[in-house]
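Working notes for the structure below.
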Amino acid sequence: MSKLKAAIIGSGLIANLKHIPAFQKHSAKVQLAAICDVNLEAARKVAAAHGIPAAYGNIAEMLAKEKPDIVDICTPPKTHAPIAIEAAKSGCNLLIEKPMAMSVGECDAIMAAAKEKNVKICLAHSDLFYYPFIEARKLVREGVIGEFRGMNIFLSTPTDYITSKADHWAHKLPGGVIGETGPHIVYMTLAFINPIGEVSVHAKKLLNYPWSRFEDYRIVLAGEKAISSTTLSYASNQWLARVEIIGQKAILLVDLEAMSLVVYRREKLRPAAIGMSVLRECKDLIGSLVKAGSRYSTRSLRTAQDFIIEGFADSILNGTPPPVPADEGRESVRVLGIIAKQLDEMSDNKPRNQ
């Protein structure tokens, strides 16, 4: 097999902005042949805008006519399991947006269907494939920070992106809006702390949106030897995605949006030592920004979806593991389920006048 055939299910924002451009960038390895959406007119508009050969409003019809090697599922999470199982039974390899499914049971059903047909599953855990996060994992593997000691994650999603929208599907997820962006904190934690054994959740209701359960979350994910302390805020108008990776010898400061990585070393609190540390940090930051600027200007910047889609195509063509295997998606869903359960208990214990 020299070239794969792919179809996307779902014609929304993530498909338009991320997945379709990535498939088209790697057209030498995989041809994007079709897009399918329950809203056929929407699928047709997207197909016309991106030059995709075919548009469908019915999954079974699309699978029967196109016989794709890869089905890319870019639909709301509650639809992932039935779509993935149907596609797997048709012999398609599966690329699934996060979260993999709504429950561990659904993940197991998807994995069973894929195993029966000997097809692969890859999760679109995108934050793992930002340049600074890739580099951070490499530095940890190489022992640059010494023994890994723990991590902090801070994500801020502007209120008007999801929270203020009463009809957004994310409010109906287990745990509410955290079910849409929460997977990021779990799978980034799993990159360094796996398995996660203990979960502790604190949440606050800050805004007057009755459909939004909480807008501020503090979640602790603990493994056997390390802890990930995470913050998710939906009460600001700011985007933020930062990760601190704590080591015995150094701390890595990762800004996913600025594409920057700073190695932080302050072993002594003397003015001269702090001054030298700040200079080194500035050098790292400027170096990261120069690299990012060069990639932008030369159009060589690769998105997370570029890495995932090319890597998944290579795994199918070469018989190698996918970039994010199914068991990582399943573990992420398991932990998210624990978080959602604790949030449900918090909601149940609220006084009824709140």
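The values are calculated or read from the model by the stated rules, or taken from the named source; none is laboratory data. Since we're looking at a predicted model, the values are computed, not measured. We place every Cβ from the backbone using ideal geometry, glycine too, and count neighbours over all the protein chains shown.
Here are some notes:
- Here Ser288 meets the list (1) in contact (Cβ under 8 Å) with a residue 40 or more places away in the chain; (2) surrounded by fewer than 13 Cβ atoms within 10 Å (Cβ to Cβ) almost entirely, failing just condition (2).
- When Val262, Val278, Val254, Val199 are checked against the criterion of being closer than 28 Å to Arg137 by Cβ and over 26 Å from the mean Cα position of the chain (by Cα), a single residue qualifies: Val278.
- All of Ser228, Ser200 fail the test of being in the same structural domain as Ser294 (by TED's automatic domain parsing), in contact with a Leu (Cβ under 6 Å, 6 or more places away or on another chain) and polar (S, T, N, Q), apart from Ser228.
- Test: residue in segment 56-70 that is acidic (Asp, Glu), closer than 14 Å to Ala313 by Cα and outside any helix (DSSP H, G or I): yes
- Residue-level check: of (1) within 21 Å of the chain's Cα centre (by Cα); (2) surrounded by fewer than 18 Cβ atoms within 10 Å (Cβ to Cβ), Asn208 misses just (1).
- Some residue of segment 106-123 being in a helix (DSSP H, G or I), surrounded by fewer than 18 Cβ atoms within 10 Å (Cβ to Cβ) and aliphatic (A, V, I, L, M): yes
- When the criteria are applied in full, Leu253 meets the requirement of being touching a strand residue (DSSP E or B) at 6+ places or on another chain (Cβ under 8 Å) and in a strand (DSSP E or B).
- Segment 215-249, subset touching a Gly at 6+ places or on another chain (Cβ under 7 Å) and surrounded by 16 or more Cβ atoms within 10 Å (Cβ to Cβ), residue nearest to Thr181 (Cα to Cα): Leu232
- Taken as a whole, the condition of being assigned by TED's automatic domain parsing to the domain that holds Met62, part of a helix (DSSP H, G or I), of a type outside the set (A, V, I, L, M, F, W, C) and crowded, with 21+ Cβ neighbours inside 10 Å does not apply to Glu86.
- Residue match in segment 26-33 (condition: farther than 21 Å from Ser90 by Cα and within 22 Å of the chain's Cα centre (by Cα)): yes
- Within segment 228-239, the set of residues being of a type outside the set (S, T, N, Q) and farther than 14 Å from Met188 by Cβ comprises Tyr234, Ala235, Trp239.
- Flag for Gly150 being surrounded by fewer than 21 Cβ atoms within 10 Å (Cβ to Cβ) and not charged (D, E, K, R): yes
- Residue check, Ala33 in a strand (DSSP E or B), in contact with an Asp or Glu (Cβ under 7 Å, 6 or more places away or on another chain) and in contact (Cβ under 8 Å) with a residue 24 or more places away in the chain: yes
- Scanning segment 46-77 for residues that are touching a strand residue (DSSP E or B) at 6+ places or on another chain (Cβ under 7 Å) and under 30 Å from Ile178 (Cβ atoms) returns Val46, Ile59, Ile70, Val71, Asp72, Ile73, Cys74, Thr75.
- Sole residue being over 15 Å from the mean Cα position of the chain (by Cα), outside the structural domain of Ser11 (by TED's automatic domain parsing) and in a helix (DSSP H, G or I), chosen from Lys138, Lys165: Lys138
- Unmet requirement for Thr230, which otherwise passes all of (1) in a strand (DSSP E or B); (2) more than 17 Å from the chain's Cα centre (by Cα): (2)
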